[in-house]
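Taking it in order: structure first as structure tokens, then the write-up.
The values are calculated or read from the model by the stated rules, or taken from the named source; none is laboratory data. What you see is a predicted model, and the numbers here were worked out from it, not measured in a lab. Heads up, the Cβs are rebuilt from the backbone with ideal geometry, glycines too, and the neighbour counts pull from every protein chain shown. Surface areas here come from the heavy atoms of the whole protein model, side chains and all, with no ligands, DNA or RNA. Shrake-Rupley method; radii C 1.70, N 1.55, O 1.52, S 1.80 Å.
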Amino acid sequence: MVESWSFLDTVESNFRPLVVIELAKGTKEETIEWFTKRIVDKKADGGAQLLIQPLVTENGVENIYLVGASHLRLLLGAEAVGLVKECSDNSMRTFTYSSRKTFKHFADDNHDFLTMAECQYIIKHELENLRAKNEKMIPGYPQAKLYPGKSIVRRLLTSGILVQIFPLHDREELKKLCHSWYGRVKVGYQPLDDIRCYFGETIALYFGFLEYFTFALIPMAVIGIPYYMFAWEDYDKYVMFATFNLLWSTVILEVWKRICAILTYRWGTLLMKRQFEEPRPGFHGVLGINPVTGREEPVYSSIKRQLRIYLVSLPFVCLCLYFSLYVMMIYFDLEQWALDYHKENESNFSSLMLYVPSIIYAVVIEIMNRIYRYAAEFLTSWENHRLESSYQNHLILKVLVFNFLNCFASLFYIAFVLFDMKLLRQSLATLLITSQILNQFAESLLPYWLQKRYNRRMKKRMCSKKTDMDLSLAEQVNMEKEMGTYLGTFDDYLELFLQFGYVSLFSCVYPLAAVFAVLNNITEIYSDALKMCRVYKRPFAEPTANIGVWQLAFETMSVISVVTNCILIGMSPEVDALFPDSKMDLVLTVAFIE
């Protein structure tokens, strides 16, 4: 591969813009000249060896630049990032330029061998690995310090010189994807392979998991409807449904592992080697020597980080959990007030008032979850984690612990302290339906309004032009840079995690939970597809072999679900009647089933 770089030219007659770089207004000329030179310089000279052109508009040249690469450069970049492609013998192997002829569909004149998402991922990788050599600062900005090996792009971002980097949409491919994905209402599978080719594996896996989880809920919904209809008033006849529930919550996650492996093997990411993680952009510290790489980079004491975690973050999380429990007790006071009011009046209005405390509590839960999310992000950033994976793991742990207690503590209290199955059913139904309505407002109605506003802005800018395909490149770039930035799948997985909890933990006392979950997920697929295609900028593809730490989160919830349903089975009058003399035998039997 080293020999290949020597004959690679940076001049390409057919320039294809793939990535947009927006610099801050008023960026100094010497900074722009130095940065663009580093982008086009040869690899041997420390450059990225890419192609770059300024975006020319009616107002002249703005601080927006288009980045592309020659076909040969992209192939060499595919080898550098370790892309896995299918060979002619149907096996999956890491792509190498020297053995390129052995890969299926490869031809020197076939520029579609690499998907556009893969090409953009390669360019992002090369830009992020553009490193300082002997520079001590960003030219023109003495306060923006550099040191050998520091990522130039990350320093430009943290210094505010670089506003954003984003991949361009392919409007023709996007139009085809929109039509096959959400353009028409149909009963069938999503075009996961097309989603993967356009948005990358991480987003395709999320939609694959959402689709799989929706189909997995159908048996629960089918069983739940007649169970709900014929045993509506008998709250204690839930043993059979709870038994099915605990088996279902375990089996679906094991089946998903296999489906996930099938998808990622076909996409070539199951065998992809993990790359060495660079320090995250927000990481800071004094300059020192990395003992692994030998490079000079910021170093921060792990002892200081642990002190911040255990002396500040942990007490804060515990305080938030206490406040959540305090709000829960206020909710039970409201429930008691509503029940007393109903006993005194016995009217239709008083019957409706029985649901008011649960609705208020559900709204408060959503508000508290969102406020806590911002606090958790601030605290996790303040802890100064070196790696992005460590930052994400600590953030997810904080958010999941609080959300679990905030959403489910009242249900556990009702089930195992109050032993009130009627109130448990009412609370579960109200919390689930209210949270879904609130989420659908944020997931569906808001994106629809954003799309309408986006369309009006687009028509205004297009003037007399008729179709999306008539947009000039400059107009397309200027519109896309104003669109929102997709922040990742965190919130989407969190919503599914909480939904899985509602269904797997206590749906045996409210069998329609799975029905509402299926209906919600169907609209979720369409609303999320709309957001990805029309509301947000195109995100960079991120290769992944699984759903990451969320698999562990769902498996943990599954274990809690098994324990909960086993205890509910042990509490039921039918099972209790089988052990009239010894309650210890009942406890041992429940423990054995677990």
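Data table
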| quantity | calculated |
| --- | --- |
| Angle in degrees between helix 116-128 and the longest Cα principal axis of the chain, rounded to the nearest 10 | 70 degrees |
| Mean shadow area of the range 536-587 over all directions, Cα convex hull, nm² | 6.6 nm² |
| Cα-based convex hull, the range 19-168, per residue volume (Å³, whole number) | 115 Å³ |
| Per DSSP, loop GluC sites (Glu not before Pro) in the range 482-589 with at most 15 further Cβ within 10 Å | 482 |
| Label-zone membership for the range 199-216, site residue 259, 7 angstrom Cα→C-beta point, backbone N under 12 Å | 205-216 |
| Matching label, log10 I(q)/I(0) by the Debye sum over Cα atoms at q = 0.05, 0.11 Å⁻¹ computed from the structure shown, candidates [x] -0.32, -1.03; [y] -0.28, -1.17; [z] -0.24, -1.17 | [y] |
| DSSP-loop trypsin sites (Lys or Arg not before Pro) across the range 88-119, with at most 14 other Cβ within 10 angstrom | 104 |
| Calculated FRET efficiency for the pair residue 437/residue 350, C-beta based, R₀ 25 Å, to 0.05 | 0.60 |
| Cα-projected label distance for residue 53 with residue 143, points at 7 Å along beta-carbon direction, nm | 3.6 nm |
| Listed residues 456, 258 arranged by accessible area, highest first, probe 1.4 Å | 258, 456 |
| Gap separating the Cα centres of the range 140-181 and the range 93-114, nearest whole Å | 27 Å |
| Sequence of 449, 34, 248, 382 when ordered by accessible area, the most exposed leading, probe 1.4 angstrom | 449, 382, 34, 248 |
| Computed accessible area, residue 172, all protein chains, 1.4 angstrom probe, square angstrom | 100 Å² |
| Estimated distance in nm for a label pair at residue 525 and residue 480, the labels positioned 7 Å out from Cα along Cα-to-Cβ | 2.8 nm |
| With DNA, RNA and ligands ignored, accessible area of residue 83 (1.4 Å probe; Å², nearest 10) | 10 Å² |
| Low-density loop cleavage sites - GluC sites (Glu not before Pro) in the range 181-263, where at most 15 other Cβ are within 10 Å (DSSP) | 233 |
| Contour excess over end-to-end distance, with Cα ends at residue 336 and residue 129 and 0.36 nm allotted per residue | 68.4 nm |
| Of 101/133; 25/176; 25/537, those spanning more than 30 Å from alpha-carbon to alpha-carbon | 101/133; 25/176 |
| Accessible surface, the chain, averaged per residue in Å² (probe 1.4 Å) | 49 Å² |
| Angle in degrees between helix 388-413 and the longest Cα principal axis of the chain, rounded to the nearest 10 | 20 degrees |
| The chain - percent of accessible surface contributed by carbon and sulfur, probe 1.4 Å | 63 percent |
| Relative contact order %, the chain, counting alpha carbon pairs below 8 Å whose residues are six or more apart | 19 percent |
| Heavy-atom accessible area order for 43, 136, largest first, 1.4 Å probe | 136, 43 |
| Estimated distance in nm for a label pair at residue 30 and residue 290, the labels positioned 7 Å out from Cα along Cα-to-Cβ | 2.9 nm |
| Acute angle (nearest 10 degrees) that the helix 239-267 long axis makes with the longest principal axis of the chain, alpha-carbon atoms | 10 degrees |
| Per-residue SASA entry for residue 394, accessible area with 1.4 Å probe, Å² rounded to 10 | 60 Å² |
